[in-house]
1. How far is helix 92-101 tilted, in degrees, relative to the longest principal axis of the Cα atoms in the chain, given as a value from 0 to 90 rounded to the nearest 10?
2. Kindly give Rg over Rh for the range 102-144, based on alpha-carbon atoms, with the Kirkwood expression for the hydrodynamic radius.
3. Give the lysines reachable from LYS213 as a straight Cα distance under 30 Å; neighbours fewer than 8 places away on the same chain don't count.
4. Rounded to the nearest whole Å³, what is the per residue volume of the convex hull around the Cα atoms of the range 219-268?
5. How do the peptides 53-61, 185-193 rank, highest first, by the average count of neighbouring beta carbon atoms within 10 Å per residue?
6. Binned at 20 Å from 0, what are the whole-percent values of the Cα-Cα distance distribution for the chain, short to long?
7. Where does the range 109-183 land on Rg(C-alpha)/(2.2 N^0.38 Å)?
8. What is the angle, in °, between the Cα long axis of helix 168-180 and the longest principal axis of the Cα atoms in the chain? Nearest 10 is fine, range 0 to 90.
Amino acid sequence: MAVLEQILKNGEQPILKVVDLHTSFTTDNGEVQAVNGLSFNLNPGTTLGIVGESGSGKSVTAYSIMRILESNGHVTQGKILFNGEDISKYSEKQMADFRGNKISIIFQDPMTSLNPVYTVGNQIVEAITLHQQVGREEAKAEAIEMLKQVGINDAERRFRQYPHELSGGMRQRVMIAMALVSKPSILIADEPTTALDVTIQAQILELMQELQKKYHMAIIIVTHDLGVIAQMADEIVVMYGGRICERGTAEDIFYNPCHEYTKGLLKSIPNVDNMKEKLIPIEGSPINLLNLPKGCAFCARCSKAMKICLEQVPPELRMPDGHLASCWINVRDNNYIVDEEAAA
């Protein structure tokens with residue numbers, strides 16, 4: 001069965017449970033339903049990867065958990081349980097204390113996330129003093145130590161520099177340092193390797209894995225890059241149109257995809273074993289979240305869509321290898337096993 005659906009063998013319960021999450025944005029043209037009934041569990045020390053194209057709802061999911069949506073965005077339904085407590089009911093004051101101490105986020109563009117008029121050291125010290133009762137000198141020492149831990153050489157000098165004086169990879173390391181200074185239980189990484197070259201990407205991912213082991217924190221990594229997901233995630237959630245299409249281990253998703261959208265994603269990335277193989281794009285345009293279809297969100301772009309796909313949302317079914325997929329083709333081909341717990 002899928003890794004993150006199970007209670008760990010040592011008795012640990014999920015640190016985060018998202019149950020039937022719905023998030024919408026009010027616009028002049030109507031209500032944009034960005035997340036539609038999302039549910040997943042996250043266990044301590046494990047990594048959940050959320051993958052999908054732009055507009056699939058993956059970043060909105062992260063921002064919903066953090067409660068940092070735009071002013072026109074709101075969670076309309078569902079629960080977000082941290083150690084069994086529903087943080088969606090927290091006041092803004094409670095959330096301000098919760099963010100940073102219990103859960104932190106790395107945004108996808110460190111150049112725009114860091115304030116250009118303050119030194120990186122000043123910004124890390126601010127993050128420390130905001131959540132910890134320490135003096136400025138103690139916070140400075142802690143900030144420099146954290147810069148060292150994220151692999152920044154000559155940390156004392158870098159502490160005094162401004163964001164524009166650092167490379168892209170170094171700025172991302174600073175963002176990781178800021179996110180981890182309060183030792184959160186959960187780290188959300190929203191496209192953490194965007195705009196970085198492949199060598200720096202590998203270094204950032206390796207650093208995140210090392211820090212995860214050191215602090216036994218859980219990670220949610222949000223990305224469109226299936227290569228990043230393959231390296232990092234214990235379980236992968238594939239999203240489209242604000243819904244989960246498929247979920248399972250990297251082996252499940254890469255070697256036995258059971259949803260047509262997942263198959264389309266895999267066909268659209270290069271095959272290193274056969275670089276002459278043509279890439280096959282997913283036909284059609286992304287879904288209009290202002291006007292969601294009655295049935296499967298992907299049906300308008302699916303070459304194998306059936307009549308039922310247009311009319312009914314497919315249930316999440318357990319595949320013979322144990323992972324879950326929401327596709328009517330599996331019902332037609334009898335490619336699933338009866339699992340009342342999964343269906344519930």
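Only the coordinates and a few stated rules stand behind these numbers; no lab work does. Not measured: the values here are computed from a predicted model. Cβ coordinates were reconstructed from backbone atoms using ideal geometry, including for glycine residues, and neighbour counts include every protein chain displayed.
1. Helix 92-101 sits roughly 80 degrees off the main axis of the chain.
2. 0.99
3. Cross-link targets: LYS9, LYS17, LYS58, LYS79, LYS102, LYS140, LYS148, LYS183.
4. Convex hull volume per residue, Cα atoms: 77 Å³.
5. So the order, starting with the most tightly packed, is 185-193, 53-61.
6. 29, 57, 14, 0
7. My calculation over the Cα atoms of the range 109-183 gives 0.97.
8. Approximately 90 degrees, to the nearest 10.
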